[in-house]
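Take a look at the structure set out below.
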């Protein structure tokens, strides 16, 4: 049974301070005086009001343990591992003390609000008795080496603010060594960004694997062989020596979406750009792209054209018209970004407009997490694209890698399954049945679990024999590691 027929059936189912910064911290002598006056005893910890910022902008009370846990989502598969990567225990009272020291005139912290969580950080607003507020940020275990993550972000903030005059929050206190601070974790304390944060839904790319039949399942040695091909061609996956724009080293925001932009609600002026964690200086060749907040999820029209409604639009249903208008709005935003880059950032445009650069750099983007992220198919596809376009990419030079006819045929079979599963996931998302990446709101978890079970049974039930049934079982994307 073809994937198109299957989709048709499924559619019917419906401790460090910045040395040159003006001190906003209480004098250490004052703290020492208070300590001696109390007879050498630390004052008892004050009970804090703990709140969680909900998606609708309201706050609800939470227990202390919820500060350490990831509570924004649950997962339909591999949940225990996902949550453990985002669990961070630290000394709350010591973090609060650092926050108090960063606020001139503050004596106590009266409230801690856990902000809307990102996937790699804990973030809190610390409100003081004098009305001042600071923002505390601590990296989760999955954010990478915490020492370098924090040190790099602080250095990036200072460079942006002092040298380039970019509106980023001012760092008030920080520590990149949990062993040498009382908080028990690396942290950054910064001013609270003025203005309002905007918002956009995230569209995570699906994690998929096992597109082959059980007789041709992918093994570690397949990954090693593919990595060897990558190494053979890697010396060519670099900017052309005559392309000065591509070779230009730039500092680039790694994940620019609307959650990371704060604006003044009265003037609509940007007040802060936040979340520079993992920002790096690298050639424009590897970084030039349309940021997520402007990127259209589907192919856009070429040239300087303004997307318009199709003929017969007025004869469509309201739902169909809304979908077309939403797509047009997204594509217009994408084209507007391109026009502004052409006008304001010519070097960026010189790279962005080159159609071959995405082909060359895609393997570089994929290779570092290829096995962990189940991206062998996509790396193979990217390397095959390199071979297919080699004469255009690197003329007058023999291609150092090749794929056999058997490799290409097997990949084509996989591609049908990949495309089918991708369409199925898109259907699930658009019909609000299941999320692409398996992350759901906690209140929707039980319903999503039931939907997952029901649609998995229906999907496998469409197989015509035991061989196809085993393939469909492996293709189902929401599975625990090791279950297939």
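Couple of notes before you dig in:
- Cα gyration tensor shape for the range 288-425, rounded if a/c is under 1.5, else prolate or oblate: oblate
- P(r) tail fraction, the range 432-483 - alpha-carbon pairs more than 17 Å apart, %: 40
- Where only C-alpha atoms are counted, convex hull volume of the range 269-332 per residue in Å³: 173
- With the cut-off at under 18 Å, measuring from each backbone N in the range 387-417 to a point 7 Å along the Cα-to-Cβ line of residue 470 picks out 414.
- Residues 462, 92, sorted so that the one with the fewest Cβ neighbours within 10 Å comes first: 462, 92
- A simple spin-label model places pseudo-atoms 7 Å from Cα toward Cβ; at residue 85 and residue 308 they are separated by 4.7 nm.
- Using distinct alpha-carbon pairs, which all enter the 1/r mean, Kirkwood radius of the range 49-193 in Å: 15.8
- Modelled spin labels at residue 111 and residue 453, positioned 7 Å past Cα toward Cβ, are 4.1 nm from each other.
- Rounded FRET efficiency, nearest 0.05, which uses the C-beta distance separating residue 64 from residue 364 and R0 of 56 Å: 0.85
- Packing-based order for 253-262, 305-314, using average beta carbon neighbours within 10 Å, highest first: 253-262, 305-314
- Ranked packing of 465-477, 274-286, most packed first, by mean Cβ within 10 Å: 274-286, 465-477
Coordinate-derived values only; no laboratory data. Predicted model, so just to flag it, every value in this text is computed and none were measured. When we count neighbours, we look across all protein chains shown, and the Cβ atoms used for this are built from the backbone with ideal geometry, even at glycine.
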